[in-house]
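Visitor: Take this structure, written in structure tokens, and hold onto it; I'll ask about it next.
Each value in this text was obtained by applying a stated rule to the coordinates, not by laboratory testing. Computed from a prediction, not measured in an experiment: that's the story for all the values here. Don't worry about glycine lacking a Cβ; one is built from the backbone with ideal geometry, like all the others, and counts go over all protein chains shown.
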Amino acid sequence: MIMNRAQLLELFKKTAAEIAEKDFASVSEDSVIASMGVDSLAMLEVVGEMERELTIQIPDDQLVGLETVRQLLDMLEKRVSA
């Protein structure tokens, strides 16, 4: 499934909201993941769910050091278009 950047952001917000049971409507690309109240385990769940949805795979070692939503979207975009 090919998605544009805005759609990826919406998918992230929807998935994160379902897993963390919080409202992420105000999240933007510049949001810092750590300040969103999502721990690393929940973040792995979010990424895993997005991988399933987009039928892509991101190696776990590439997720280390992700700080912003923008960095995650960059990675997702590269995988989706690969």
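Visitor: When Lys and Arg each count +1 and Asp and Glu each count -1, what net charge do the other residues less than 10 Å away from LYS14, Cβ to Cβ, add up to?
Guide: -3
Visitor: Then there's this: Regarding the chain, what are the three Cα extents along the principal axes, ordered largest first, in Å?
Guide: Largest to smallest, the principal-axis extents are 31, 25, 21 Å.
Visitor: Just to be sure I understand: if I project the alpha-carbon convex hull of segment 34-82 onto a plane and average over all orientations, what area do I get in nm²?
Guide: Dividing the Cα hull surface by four gives the mean projection, 3.2 nm².
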